[in-house]
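The values are calculated or read from the model by the stated rules, or taken from the named source; none is laboratory data. The structure displayed is predicted, hence computed values, not measured ones. A quick note on method: Cβ atoms are made from the backbone with ideal geometry, for glycine too, and the neighbour counts reach across all protein chains shown.
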Amino acid sequence: MKSRITLYRIALLLAALLFWEFGSGYIIDTFWLSKPSLIATSLWGSLKKGELLSDLYITLEGAFYGYVLGSVGGLAFGLFLGQSETLARVLQPFILAIYGIPRIALAPIFVLWFGIALLSKVMMAGMMSFLLVFFSTYEGIRSVDLELQNVARVLGANRWQLFTRVTMPNASPWIIAGLRIAIPQALVAAVVAEFIASTAGLGYRIMATTNTMDTSGTMAGIVVLMVLVVGLNTILDRVEHSLLKWRPKATDNTNV
Amino acid sequence: MAKAPIIQLSSVSRVFRGQREVTALAALDLDIAEGEFVTVVGPSGCGKSTLLNLIVGLQSPTTGQKLYRGQPFSGLNLDIGYVTQSDNLFPWLTVIENVCFGLSLRGIGSRAEQRDRALELIERVGLKGFENHYRHELSGGMRQRVNIVRTLVYDPPVILLDEPFGPLDAQTRLQLQDLLLTLWHERPKTTLIFITHDLTEAIALGDRVIIMSARPGRVEEIVPVDLPRPRDIYTIHTDEQFRRIYDRVWLRLAEQMKAPVS
């Protein structure tokens, strides 16, 4: 069953690529859409020149630092606010307001503040990760099961044990989900910062090729981003699954 | 009473203040002797669970006094174990980790000793081979076995059980009742307070059946169960004496069920 599904997927992908390859130029001008062979050539060219890897490195560097800083900050702040009922209630409307800003809208001013090099990318990716990780951590801490807490207290847990051995594991699915969603979002943030102003990176390459009407180059950049995100998601699926193997699978309805 | 009571409640009441005041327990008196197996029955909503929460110290009485071994106490009493109605296993821990949890929190024994103690009990309740399973991989009956063993493993002098077999099917219930009696006979000093809505279960297990009144809950009557031990849980309901006690408890309870709920 599973291998048949894989087979169908490959067939579908091939059919789409063939249609694109041979339809391009007949239905829509190749100038607008490019085609797989041209995109492959463009990718190969930038790989040979070393551009592809250096662009990739520059974008990933900004996304990575931002992700690490933002996640650590979000986790810490989420845990802190999750413990303090009063502070959480005071801050709630402000946090919701900040959360409500379309984050992309902040990119221009971040570039103004932090320049066109690494820092603005780190800050964009950092802010994105911070908000996502903070929210999920906070939700996770809040969602702690009171009955389980009481059971643990009766079994002898002190405050610290209650936190480390009940609240934290109980919140872990939320925290892991936040950390997970934040990874592709950090990447997107870094690329957006590069769109605004930059001198290198995947976002820069996509912008620069579009400005010179090099649609094959643009498509090549998009393909790289797509492969990157799909790859990351696949790895993260595995990691999440092995960390949360105590959770019933979504398809397993026999026990609730 | 021959032995000194391990738990004494005198005119204990508990009032919940919400949108309107609800008196869950009113002027309740109860003495429980060490090593006794007491079962509690009563109409639903009569404050049975509140009673257990007060005894263990998860809630405090609004008025009245609680004594443990003759001493007044407030706050959580760690000498008292509590087997809740829903199994409340920690879903992120395996069976053996759940069973070791109390020992580990209390720092009783080395890791290896904790494991040995847990494994022994897990085997006794027929869960050998399931040590490394998570909660979602167990049936309801298995979960409740783990829930009971998780408390038994650190040998608290008093164990409260709140309808532990409530959601289980009849066969599994009988098996677990039998198991509970066996494990209790091996720990003659352990005091059990067991809430149930099943009269057969209450009489088959208990030394005394405490009948609570409709809300606000008081002790309506205490019926001694003078059936010899060890009891055969599978046939005891055919016993002549058992039937007499059953009828007596049932009539008293029926009166309470008919009483208008205040």
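Output the residue which, of all residues in region A:72-98 that are modelled with pLDDT of 90 or more and among the small types (G, A, S), is farthest from A:M168 (Cα to Cα). Across region A:72-98, the extreme among qualifying residues is A:G73. Any residue in region B:15-34 that is under 26 Å from B:L180 (Cβ atoms), of a type in the set (V, I, T) and either crowded, with 16+ Cβ neighbours inside 10 Å or more than 13 Å from chain A (Cβ to nearest Cβ) (or both)? Yes; the residues of region B:15-34 include at least one that is under 26 Å from B:L180 (Cβ atoms), of a type in the set (V, I, T) and either crowded, with 16+ Cβ neighbours inside 10 Å or more than 13 Å from chain A (Cβ to nearest Cβ) (or both). Does A:M213 count as touching a residue at least 60 places away in the same chain (Cβ under 8 Å), at positive phi and away from chain B (no Cβ under 14 Å)? Considered against the rule, which asks whether it is touching a residue at least 60 places away in the same chain (Cβ under 8 Å), at positive phi and away from chain B (no Cβ under 14 Å), A:M213 comes out as yes. For region A:236-248, state whether one or more residues are modelled with pLDDT of 90 or more and either within 19 Å of the chain's Cα centre (by Cα) or not in a helix (DSSP H, G or I) (or both). For region A:236-248, residues modelled with pLDDT of 90 or more and either within 19 Å of the chain's Cα centre (by Cα) or not in a helix (DSSP H, G or I) (or both): absent. Taking region A:132-210 as the region of interest, the helices (runs of 4 or more DSSP H) fully inside it that hold 2 or more residues being within 13 Å of chain B (Cβ to nearest Cβ) and in contact (Cβ under 8 Å) with a residue 60 or more places away in the chain are A:168-196.
Go through region B:155-165 and report how many residues are surrounded by fewer than 17 Cβ atoms within 10 Å (Cβ to Cβ) and within 12 Å of another protein chain (Cβ to nearest Cβ). Residues that pass the stated criteria total 0. Only residues that are crowded, with 17+ Cβ neighbours inside 10 Å, away from chain A (no Cβ under 11 Å) and among the aliphatic types (A, V, I, L, M) were counted across region B:90-114, and they come to 2.
Closer than 30 Å to B:N77 by Cβ, buried (at least 18 other Cβ atoms within 10 Å of the Cβ) and modelled with pLDDT of 90 or more - does that describe any residue in region A:111-122? There is no residue in region A:111-122 that is closer than 30 Å to B:N77 by Cβ, buried (at least 18 other Cβ atoms within 10 Å of the Cβ) and modelled with pLDDT of 90 or more. Among residues of region B:204-233 that are surrounded by fewer than 20 Cβ atoms within 10 Å (Cβ to Cβ), those with a beta-carbon under 6 Å from a residue that is among the aromatic types (F, W, Y) at least six positions away or on a different chain give the pairs B:D207/B:F37. The numbered conditions (1) surrounded by 19 or more Cβ atoms within 10 Å (Cβ to Cβ); (2) within 14 Å of chain A (Cβ to nearest Cβ) are all true for B:K66 except (2). For B:I211, the conditions (1) modelled with pLDDT of 95 or more; (2) part of a strand (DSSP E or B) all hold with the exception of (1). Against the definition (at pLDDT 90 or above and over 18 Å from the mean Cα position of the chain (by Cα)), how does B:T23 come out, yes or no? It is false that B:T23 is at pLDDT 90 or above and over 18 Å from the mean Cα position of the chain (by Cα). Being surrounded by fewer than 22 Cβ atoms within 10 Å (Cβ to Cβ), under 24 Å from B:A202 (Cβ atoms) and either of a type in the set (F, W, Y) or under 19 Å from the mean Cα position of the chain (by Cα) (or both) is the requirement here; does B:L58 meet it? Against the criterion (surrounded by fewer than 22 Cβ atoms within 10 Å (Cβ to Cβ), under 24 Å from B:A202 (Cβ atoms) and either of a type in the set (F, W, Y) or under 19 Å from the mean Cα position of the chain (by Cα) (or both)), B:L58 qualifies.
Whether any residue in region B:180-200 is within 14 Å of chain A (Cβ to nearest Cβ), among the β-branched types (V, I, T) and surrounded by fewer than 19 Cβ atoms within 10 Å (Cβ to Cβ) is what I want to check. No: region B:180-200 contains no residue that is within 14 Å of chain A (Cβ to nearest Cβ), among the β-branched types (V, I, T) and surrounded by fewer than 19 Cβ atoms within 10 Å (Cβ to Cβ).
Taking interchain pairs and intrachain pairs at least six residues apart, which have beta carbon atoms under 8 angstrom, with the first residue in region B:126-154 and touching a residue at least 60 places away in the same chain (Cβ under 8 Å) and facing chain A (nearest Cβ under 9 Å) and the second crowded, with 22+ Cβ neighbours inside 10 Å and among the aromatic types (F, W, Y)? That search, which allows pairs on different chains as well, returns B:R150/B:F101; B:T151/B:Y82.
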